[in-house]
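Here is the structure we will look at, set down as structure tokens.
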Amino acid sequence: MKISVIITTYNRCDALIKVLQGLSHQTVLPDEVIIADDGSTSDVVNKIKSFIKTVSYRIEYVWHDDKGFRASKIRNMAIKKATGDYLVMIDGDCIPDKYFIKDHKDLAQKKFFFQGRRILVGKSRSACFLYNDMNTAMKRCKLLISKDISNKHHLLRISWFPELISGKLEGIIGCNMGFFIEDLYAVNGFNENFVGWGREDSELVVRLYNYGLKRKSHPFKAVCYHLWHKKNDRNNLFSNDLLLEKAAKSGEYFCVNGLV
């Protein structure tokens, strides 16, 4: 099974480089990486493209003009570039654990999408946090007693712990998810009517549920480390809530303004 990783980013070159470094040190490397850039400035784009030349795996880069938060549109652009059977979505400020790709690959299952989990890295630690700060048992133990780390239970790696199955919306985190590409095309990908931060991931999940899929998760596998950032502008949240409510009430799975 071929794995494509899609990384969503916007004007956070330093964080994105940390994510790409984390992907370079996986126990199982991704088959390809697609950077979905939601309108970073030209100087940031140039820095990213320079770093891309130093990595050993294949990277595609997609970008569009900055017209506000348009994660749905740029993710759809990235999905169209993907050649993998299975897509792992991660944000450009989420450093993957060294087993991240292996876990996503092992947990992928037909008729399911996968919801990964995140450990929150606080403001004081985020600037210096790197992929190798959590890649040994000793370093994980140090993080367990750190005051600037949240969701610490995900630091434990309990591989024999059973997978969790759900059909609910609670616990949806768009920064770490996995999908079979055929399922995303079946529901026509992300709904591009979503402009501004919020709910585009939940609306996709509602339509995947309507399509007949269930959610799989695991509290101790496929974990990423989410670096601190300021809260996004939430001015469009009310409108996005209405779009989410519409999808939930309609029972439909195909969005008109999507991949196709």
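How big is the convex hull of the Cα atoms of the chain, per residue, in Å³?
With only Cα atoms used, the chain gives 121 Å³ per residue.
Each other residue within a Cβ distance under 13 Å of Lys168 adds +1 if Lys or Arg and -1 if Asp or Glu, for a net charge of +2. Dipole magnitude for the chain: about 780 debye, using +1 per Lys or Arg Cβ and -1 per Asp or Glu Cβ, origin at the Cα centre.
Placing unit charges on the Cβ atoms of the charged side chains and taking the dipole of segment 117-184 about its Cα centre, the candidate lying farthest along the positive direction among Ser159, Gly171, Ala127 is Ala127. Seen from Phe180, the other residues with C-beta closer than 14 Å to its C-beta sum to a net charge of +4, counting Lys and Arg as +1 and Asp and Glu as -1. Note on the chain: antiparallel DSSP beta bridges, both residues inside, total approximately 35 percent of the bridges counted.
Return the calculated 222 nm mean residue ellipticity for the chain, to the nearest 500 deg cm²/dmol, obtained by summing -39500 (n - 2.57) across DSSP H runs with n ≥ 4 and dividing by the residue count.
Rounded to the nearest 500, the figure is -9500 deg cm²/dmol.
Of the three principal axes defined by the Cα atoms of segment 92-162, the extents in descending order read 41, 26, 18 Å. Neighbour counting of Cβ atoms within 10 Å sorts the residues Val62, Val223, Val256, fewest neighbours leading, into Val256, Val62, Val223. Its Cα gyration tensor gives segment 110-206 an equivalent ellipsoid, and the semi-axes of that ellipsoid, as √(5λ) in whole Å with the largest first, are 30, 18, 12. Annotation: amide H of Val33 within the under-5 Å range of Val5, Arg58, Ile59, Glu60, sequence separation 5 or more or interchain, hydrogens built in the peptide plane.
Counting charges near Pro96 (Lys, Arg +1; Asp, Glu -1) among other residues having Cβ under 14 Å from its Cβ returns a value of +3. Of all beta bridges that DSSP places with both ends in segment 1-62, some 0 percent have antiparallel geometry.
Out of every Cα-Cα pair in segment 2-44, what percent are more than 11 Å apart? Within segment 2-44, distances greater than 11 Å cover 67 percent of Cα pairs.
Each Lys and Arg contributes +1 and each Asp and Glu -1, all at the Cβ; summed about the Cα centre of segment 167-216, the dipole is approximately 260 debye.
Taken together, the values in this text are just the output of simple stated rules run on the coordinates, not laboratory data. Quantities reported herein were computed from a predicted structural model and do not represent experimental measurements. FYI the Cβ positions are ideal-geometry reconstructions off the backbone, even for glycines, and counts take in every protein chain you see.
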